[in-house]
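What follows is a short report on a single structure.
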Amino acid sequence: MPSSPVRVGVVFGGASGEHAVSIRSAITVTQALQEGRNRNRFLVVPLYIDQAGRWWPETIAAKVLEQALPLEDESLPQPLPASGFRSLPIEATSIDVWFPVLHGPNGEDGTVQGLFTLMGQPFVGSGVLGSAVGMDKLAMKAAFAAAGLPQVAYLGLNASDLNKPEQLDALVARIESELGYPCFVKPANMGSSVGISKARGREELIEGLKEAANHDTRLVVERGIAARELECAVLGRRKLQASVVGEIRFDADWYDYETKYSEGRSHTLIPAPLSEKVSAQIQAIAIQACNAVNAYGLARVDVFFDESSGEIWLNEINTLPGFTSQSMYPMLWEASGVALPELVDQLVKTARE
C-alpha cells in the first residue's frame, strides 16, 4: 500500500532586505519538490511571510510564486491586520516537514528555527544556534577565530559609534591604521551583499559606515584583498559532505547585489580550476566552518584564495543559501552528481533524521 506524500511547508518571503531573493529561491525549491519522483513523495504547501512580517495562507503564497514578486497591500485580503497575524495559517497544523526558504534577518537568523523547535516539528537546515551564529558576522568570525580558522583582518563596530563626530573621526583613523584601503563595510546581520560597500578612501568609508548602519546596529569592516572568490556547498547532518569547489568571476569591481542577481554580470566555473590539493583544503575548511558554528543540513561556505602565495582565508558561511537559477548551492551539488530534485529530497530526509 503506497504511503501518503510528505507535506512540506515551504515558507518564504520574510521581513528582510532579501525578500525578493527569497521568492525566487522558493520558486526553484517548490518546482524541484514537484519534479519527477518527488511528485508522488511530497505535497508542497507554500506559506508566505510579507514584508511586514504577516503570515499568509497557501492561496496567497501561490499568487506570490506565480507572479514572482511581492504582493502589494492592495492585493492582499482586506482589512489588513495592523499588528500582523498572531497565529499561523491553518495549513501549518498539517505540515510534516518545514522547508524555510528565508534569507537574512527574521528567518535565517534562528528566529523561525526557534519557532519550529518550539512546535516540535522537523525543519530543513541548521538549528537555532548555528543559524544565529552563522547570520551574525561578528559572532561567526569569533567562532571561526576560536576554531583557529584563517580569516582576513577585520574590525567589529557598533553603529552608535558613528553618532558623534569625534567618535567617528577616531573610528575612521583606527580603520585606516589597522586595515587600510580598500576595505569592505558590512552590516553584521545581512546577506546577498545588501548594505555592503567597498571603500577606497575616507569619504567612501564614512558613506559606507552610514549605509551599513541603516541595516544593522553591528558592523564589520574587513581588509580588502586581491584573491579569487571560491565557494563550497555542504550537505548532511550526522555526517557532513562537501561538494566540488566553484569559483565566482564577475564583470564588476566587486561582487555586489546588482552583480550577483543580474544576468550576464557574473559567471561561475564549476568545478573551479584548482589543484586537487587546494580543492581538498577548501572542502576541509568548509566542514570545519560548519562545525565551528554548529551548522548542518545545508550551508554554503565562501573562501578567498591567493594563487601566488597559496593562502586560503575563510570569508563566511551562509546557513540558508540562495536557491535561485543563478545560485551556487544547487549548481555545486549538480556538478557533484546530485541533481536538484534529488538535492531537495535529501534535504527533507536530513531534516527528519
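The values are calculated or read from the model by the stated rules, or taken from the named source; none is laboratory data. All of these numbers come straight from a predicted model, not from anything done at the bench. All Cβ positions, glycine included, derive from the backbone under ideal geometry; neighbour counts span all protein chains shown.
Name the single residue that is surrounded by the fewest Cβ atoms within 10 Å (Cβ to Cβ) among those in region 71-102 being under 23 Å from SER131 (Cβ atoms) and modelled with pLDDT of 90 or more.
It comes out as ASP96.
Given (1) assigned to a helix (DSSP H, G or I); (2) at pLDDT below 95, where does LEU205 come up short, assuming only one miss?
The one condition LEU205 does not meet is (2).
Taking the options PHE12, PHE42, name whichever one is aromatic (Phe, Trp, Tyr), under 20 Å from GLN326 (Cα atoms) and in contact with a helix residue (DSSP H, G or I) (Cβ under 8 Å, 6 or more places away or on another chain). Spell out how you get there, then give the answer.
Details: PHE42 fails: under 20 Å from GLN326 (Cα atoms).
Residue meeting the stated conditions: PHE12.
Taking region 177-208, which residues are surrounded by fewer than 15 Cβ atoms within 10 Å (Cβ to Cβ), in contact (Cβ under 8 Å) with a residue 24 or more places away in the chain and not basic (Lys, Arg)? Write out each step before concluding.
Our first condition is that a residue be surrounded by fewer than 15 Cβ atoms within 10 Å (Cβ to Cβ); within region 177-208, this holds for 177-178, 180, 200-203, 207.
When the remaining residues are screened for being in contact (Cβ under 8 Å) with a residue 24 or more places away in the chain, the result is 178, 180, 202.
Listed by number, the residues that qualify are GLU178, GLY180.
Looking at region 1-59 only, could you name the residues that are more than 19 Å from GLU91 (Cβ to Cβ), assigned to a loop (DSSP other than H, G, I, E, B) and of a type in the set (Ser, Thr, Tyr)?
The answer is SER3, SER16.
Could you check region 315-325 and list, in sequence order, the residues that are crowded, with 17+ Cβ neighbours inside 10 Å and either touching a Pro at 6+ places or on another chain (Cβ under 6 Å) or farther than 26 Å from LEU149 by Cα (or both)? Let's see the steps before the verdict.
Residues of region 315-325 that are crowded, with 17+ Cβ neighbours inside 10 Å, as a first pass: 315-324.
Within region 315-325, PHE323, THR324 meet the criteria.
Considering (1) out of contact with any Lys or Arg (no Cβ under 7 Å at 6 or more places or on another chain); (2) under 26 Å from PRO122 (Cβ atoms); (3) of a type in the set (S, T, N, Q); (4) not in a helix (DSSP H, G or I), say which one THR324 fails and leave the rest.
All conditions pass for THR324, except number (1).
Can you tell me how many residues within region 294-314 are among the hydroxyl-bearing types (Ser, Thr, Tyr) and surrounded by 17 or more Cβ atoms within 10 Å (Cβ to Cβ)?
At the first step, the residues of region 294-314 found to be among the hydroxyl-bearing types (Ser, Thr, Tyr) are 296, 308-309.
Add one more test, that the residue is surrounded by 17 or more Cβ atoms within 10 Å (Cβ to Cβ), and what stays is 296.
Residues in region 294-314 being among the hydroxyl-bearing types (Ser, Thr, Tyr) and surrounded by 17 or more Cβ atoms within 10 Å (Cβ to Cβ): 1 in total.
Please verify whether ALA61 is among the aliphatic types (A, V, I, L, M), out of contact with any helix residue (DSSP H, G or I) (no Cβ under 6 Å at 6 or more places or on another chain) and surrounded by 15 or more Cβ atoms within 10 Å (Cβ to Cβ), treating the condition exactly as stated. Walk me through it before giving the result.
Numbers: among the aliphatic types (A, V, I, L, M): yes; out of contact with any helix residue (DSSP H, G or I) (no Cβ under 6 Å at 6 or more places or on another chain): yes; surrounded by 15 or more Cβ atoms within 10 Å (Cβ to Cβ): yes.
So ALA61 fits the description; yes.
Just to be sure I understand, how many residues within region 35-53 are over 21 Å from the mean Cα position of the chain (by Cα) and not aliphatic (A, V, I, L, M)?
As a first pass, look at region 35-53 and keep what is over 21 Å from the mean Cα position of the chain (by Cα): 35-45.
Adding the requirement that they be not aliphatic (A, V, I, L, M) leaves 35-42.
The number of residues fulfilling the criteria is 8.
Within region 292-321, track down each residue that is in a loop (DSSP other than H, G, I, E, B) and aliphatic (A, V, I, L, M).
Looking only at region 292-321, we keep the residues that are in a loop (DSSP other than H, G, I, E, B), and these are 294-296, 307-310, 319-321.
Scanning region 292-321 gives ALA295, LEU320.
Tell me, please, whether a residue that is at pLDDT below 90, at positive phi and part of a loop (DSSP other than H, G, I, E, B) can be found in region 254-267. Spell out the reasoning first.
The initial filter retains those residues of region 254-267 that are at pLDDT below 90, namely 254-267.
Then keep just the ones that are at positive phi; that gives 264.
Retained after the next criterion (residues that are part of a loop (DSSP other than H, G, I, E, B)): 264.
Yes, some residue in region 254-267 is at pLDDT below 90, at positive phi and part of a loop (DSSP other than H, G, I, E, B).
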